[in-house]
Amino acid sequence: MSATLHLPKVVNRILEINWFYSLALGVSFLKCLLINAYHSTDFEVHRNWLALTHSLPVSQWYYEATSEWTLDYPPLFAWFEYGLSHIARFFDKEMLVVQNLNYASPATVLFQRLSVIVADVVFFYAVKECCKCLREGKGKDLLGKPSFILTVLLLWNFGLLIVDHIHFQYNGFLFGVLLLSIARHFQNRHFEGALLFSVLLNLKHIYLYIAPAYGIYLLRCFCFTQSNADGSLQWRSFSVVRLVTLGTIVLPTFAVSFGPFIALGQLPQVLSRLFPFKRGLCHAYWAPNIWALYNIADKAFSILGVKFKLLDINKLPKASMTGGLVQELQHSVLPSVSPLATLVCTLLSILPALFKIWHRPNGARGFLRCLVICALGSFMFGWHVHEKAILMAILPLSLLAVESREDARIFLMLSVTGHYSLFPLLFTTQELPIKIFLMLLFTIFSLTSLKMLFRKGGALLNPLEATYLLGLIPLELICEFVYPLTVWQKTFPFLPLMLTSVYCALGVTYAFIRLYISLLTCSDTTKKTKMQ
């Protein structure tokens, strides 16, 4: 009788395991199909890092400059490349020769592609752990389960597929470490969460964007052991022991990573590679953030100034009128922006969120919301931001999107806009149908699944939001098919990129504002939406 009673639970468990691994195997198969697709210069970047870490002593890693793609990731990632290089030699030893610039033999392509696919196992495990942290009702069919929807939103994320498995990078592996760290905090395993995040910072320093959320949350909710009845801080509950314990977990990670270079007296050289502030405000293709809107406003003012003879065209910086999208952008009318100004703007943009989790933490979900805002605030106001950094906000927001109607709405706006802004990364004709198909597939699933999850409240998007997202269709038609046929293609080749950046910047800015409104106006209790 006892075995009979437990049979349904066993069957459900088997079914759960089956659908998760089916999704994981399915996306892995798709990644294998993309092995011979176009790859960007990032492919050569990582091949060069394999070569220099394998062929040169540690003391030369951050000085080697045979290739223009010098090592500019933290030391722990360099050791990751070093480990991969010992497997790479069984595929093609020539890829490990530093002087073999732009080397891309079939065996080299196969190895590097497979290394990304295999490293994604970390991401798979992290997604499964995140699914355990969700609030799920009983008796729902598979397509209505938040865990199933979250798994698809993460494993089949459009941005990760094109950035890692076509363009070429190791973001899946890195986001796996991040999501696993977040899951550990949801599970009250704060030591593990802190350790994983310190490892992540030593793998890729871009995650400093979200370090303030981690620091404030751990200090408030771990080092302070109690809160007052109204949720405010109880100062007397501060635990020095917990603070010291956190330090003994985090600091050794940095010591192991940077220690050898400190011993060699190379810390300034390493830091100069990690933080190259000599680069311009914007990347070659403007990330869709506040500076894209700032740049286009400056161009508009300069054009109007010349038209009404308020400005002398001969005295304007050349890039402002003719160069289009360049790294070193000199503003003509508006004040030029310095790295310090972007840092101040970034800090101001995230301070309210940090204050919120300090004053009223609302548990791990409050921390996660603050993390997303820190990621998006840094994307909006940071210096020399890459368009790919939008994924740092989209992926963690997925966890909130399957539990809250308002977060689902914000997720749809941010993911559709942010993912479309990645289209210029794949500019070859062969990849055009692939990126359009994958984008449509992911977008349609996101819209239909989240609508089904929150079907009781009506449409997730209001008419204005839906119209804006539909506007991406004519934008794509103009940029990909119409504009190349016009006479302006040779004179102003940068215009499609500019249009894409500016249009997407409006959507990302809107999502950022909505996210802040959600943070400041809703308590944790009011955000527990019943899923039908």
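The values are calculated or read from the model by the stated rules, or taken from the named source; none is laboratory data. All values derive from a computational prediction rather than experimental measurement. So basically every Cβ, Gly included, is an ideal-geometry build from the backbone, and we count neighbours across all protein chains shown. All accessible areas refer to the heavy atoms of the entire protein, side chains included, with ligands and DNA or RNA removed. Shrake-Rupley method; radii C 1.70, N 1.55, O 1.52, S 1.80 Å.
At-a-glance table
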read-out: Accessible surface of the chain [probe 1.4 Å, protein heavy atoms]: carbon and sulfur percent; value: 69
read-out: Karplus 3J(HN,Hα) series, Hz, for the range 457-471 with 6.51 cos²θ - 1.76 cosθ + 1.60 (x for Gly, Pro); value: x, x, 5, 6, 9, 7, x, 5, 5, 5, 5, 4, 5, 5, x
read-out: Helical contribution to [θ] at 222 nm, DSSP H n ≥ 4, -39,500 (n - 2.57), averaged over the chain, rounded to 500; value: -19500 deg cm²/dmol
read-out: Distant-in-sequence amide H partners of residue 281 (H built 1.01 Å from N, under 5 Å); value: 329
read-out: FRET E, pair residue 517, residue 279, Förster distance 51 Å, beta-carbon r, rounded to 0.05; value: 0.95
read-out: Å² per residue, accessible surface of the range 290-522 at 1.4 Å; value: 44
read-out: Mean projection area, nm², convex hull over Cα of the range 290-522; value: 14.7
read-out: Qualifying trypsin sites (Lys or Arg not before Pro) for the range 143-205 [loop in DSSP, other Cβ within 10 Å: at most 10]; value: none
read-out: Nitroxide proxy distance, nm - points 7 Å out along Cα→Cβ at residue 248 and residue 344; value: 4.2
read-out: Modelled FRET efficiency - R0 60 Å, residue 30 with residue 310, Cβ distances, 0.05 increments; value: 0.65
read-out: Spatial separation of Cα centroids for the range 198-236 and the range 38-107, in angstrom; value: 36
read-out: Nitroxide proxy distance, nm - points 7 Å out along Cα→Cβ at residue 264 and residue 444; value: 5.2
read-out: Qualifying aspartates and glutamates (Cα of each under 19 Å from Cα of residue 435; at least 8 residues distant if same chain); value: 42, 164, 387, 476, 480
read-out: Long-range HN-HN contacts of residue 224 with modeled amide H, under 5 Å; value: 239
read-out: Approximate spin-label separation residue 330-residue 134, in nm, with each point projected 7 Å along Cα-to-Cβ; value: 5.3
read-out: Burial order of peptide ranges 366-378, 389-401 (average beta-carbon count within 10 Å, highest first); value: 366-378, 389-401
read-out: Computed FRET value (nearest 0.05) for residue 93 with residue 189, which takes r as the C-beta separation and R₀ as 35 Å; value: 0.25
